[in-house]
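K.L.:
Got a structure here, written out as structure tokens. Questions coming.
Just so it is clear, none of the values below were taken in a lab; they were calculated from the coordinates. All values derive from a computational prediction rather than experimental measurement. Note: ideal-geometry Cβ built from the backbone for every residue, glycine included; neighbour counts use all protein chains shown.
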Amino acid sequence: MSSSLRVVAVSGPIGAGKSTLAQRLAGRYGGRRISTRELIVAHAEAAGEAPPDDRRAFQEYGEALDQQHRGHWVSEAAALLVAQQEEVQLVIVDAVRTKDQVEALRDAFSVAVTHVHVHAPDEVLSDRYRRRGSTPGMSELGSYREAIQSAPELEAHNLLADADIAIDTQRCNEDDVETRAAAALRLPPTRSQRLVDVIVGGQYGSEGKGNIAFYLANEYDVLVRVGGPNAGHTVPLPTPFTHRLLPSGTRANELAQLVIGPGATLDLRILLSEIAECSVESHRLLIDPQAMIIREQDVAAEAVLVSAIGSTGKGGGAAAARRITDRHPTNGRPPVELARDVPELRAYIRPAVDMLDDAYRNSRRVLLEGTQGTALKPVPRRLPVRGKP
């Protein structure tokens, strides 16, 4: 058994969100999920019996297995999975219903077992049960009260006292439950893993950020560009090329994932032209749906600032400001346009957070490329003093 193996035993009453949590942990963190309902079907088929087809029959069959094996039928299935798949690092049991099942897992896997219990008030669970409909392959009982009358289901309510982690799913949505469980289980990488490097300008810009990003690109799995089209980063290709929105390592490392994050401001014409010139396919480039689209009015708004404060006049600042001021448009002003609203970008739109979460889980290295120098600041304009010209 691998020393890094983790076994997560999920418990809770009907409707508390056990399967949802188990499926999300398995999908997001590369785990193997063991369904006790599927185990019951497998036991019945191995015995030459017809598998249960309604909740009461499933409950009675599981109770009979518990009486016969004292809960070890669950831990034996987990041990078999680990033996057959030596590379498995995370096993999620969906779900345990008795203290014997939990103890059998602890006996088999020792300190590798963490017991997670999800729960909610009975009135909430009853309402969820009423609205859930039939589970595929299993017809439901008439009411929640009827469904929880079996001994294992009644015991499942009391497993809260045994749990290492307890989460109230009335107070948390599905994302919150997953995040809290993953944090308590310490599934994300630790802070000691230095997965993200950031390139910033230490002076007034034009320090060579693009050249450095181009040179280092092959050492990274994910290349992220922030900011807008105001900064042009020229890279040393046989014919020098200037990146205005795509990461400067785009053509240096053609295997890297490219990311434009939610805080970016995008000139659609420049972006589409750069994508075409660099032959970037949609599966390689991710544009967050919250990235802001620059309009002609933004460019016009910055025209006066070119001479006043040295603005590049590309509209990025005005677009970023309008994103805040026009979030709820009034007086006939048009609504803010985000990347998700542009049909031409539809193939590239995916949430950056999901991709980055996956990168961190798999220890993939990320290079974040800034667009400005740290010493840049607006030139102070002399304001008139009251009573003086």
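K.L.:
Residues with amide H under 5 Å of Gly30's amide H, sequence separation 5 or more or different chain, H placed in the peptide plane at 1.01 Å from N; which?
P.N.:
Amide H neighbours of Gly30, under 5 Å, 5+ apart: none.
K.L.:
Residue-wise, which Karplus ³J(HN,Hα) couplings in Hz belong to the range 157-162, taking 6.51 cos²θ - 1.76 cosθ + 1.60, θ = phi - 60°, and x for glycine or proline?
P.N.:
4, 8, 6, 3, 5, 8
K.L.:
Let me ask something else about it. Amide H neighbours of Val7 under 5 Å, at least 5 residues apart or on other chains, H built in the peptide plane: list them.
P.N.:
Val91, Val113, Thr114
K.L.:
Determine, from the Cβ-Cβ distance of Ala46 and Gln149 and an R0 of 41 Å, the FRET efficiency 1/(1 + (r/R0)^6), rounded to the nearest 0.05.
P.N.:
Once rounded, the FRET efficiency stands at 0.90.
K.L.:
Amide H neighbours of Val196 under 5 Å, at least 5 residues apart or on other chains, H built in the peptide plane: list them.
P.N.:
HN-HN under 5 Å from Val196: Val366.
K.L.:
Put +1 on the Cβ of each Lys and Arg and -1 on the Cβ of each Asp and Glu in the range 142-283; which of Val259, His157, Tyr215 then has its Cα farthest toward the positive end of the dipole?
P.N.:
Towards the positive end, the residue furthest out is Tyr215.
K.L.:
Pairs of Cα atoms under 8 Å, at least six residues apart: use those to get the relative contact order of the range 6-185, whole percent.
P.N.:
With pairs under 8 Å counted, the relative contact order is 36 percent.
K.L.:
Still on this structure, please answer the following. Provide the packing ranking of 41-54, 72-85, i.e. peptides ordered by the mean count of other C-beta atoms within 10 Å per residue, highest first.
P.N.:
Result, highest mean first: 72-85, 41-54.
K.L.:
For the range 108-117, what does the Karplus curve 6.51 cos²θ - 1.76 cosθ + 1.60, with θ = phi - 60°, yield as ³J(HN,Hα) per residue in whole Hz, taken in order and with x for Gly and Pro?
P.N.:
Using θ = phi - 60°, the values come out as 7, 10, 6, 5, 6, 8, 10, 9, 10, 10 Hz.
K.L.:
Tell me, what HN-Hα J-couplings in whole Hz come from the Karplus equation 6.51 cos²θ - 1.76 cosθ + 1.60 at θ = phi - 60° for each residue of the range 286-292, using x for Gly and Pro?
P.N.:
10, 10, 5, x, 8, 4, 8
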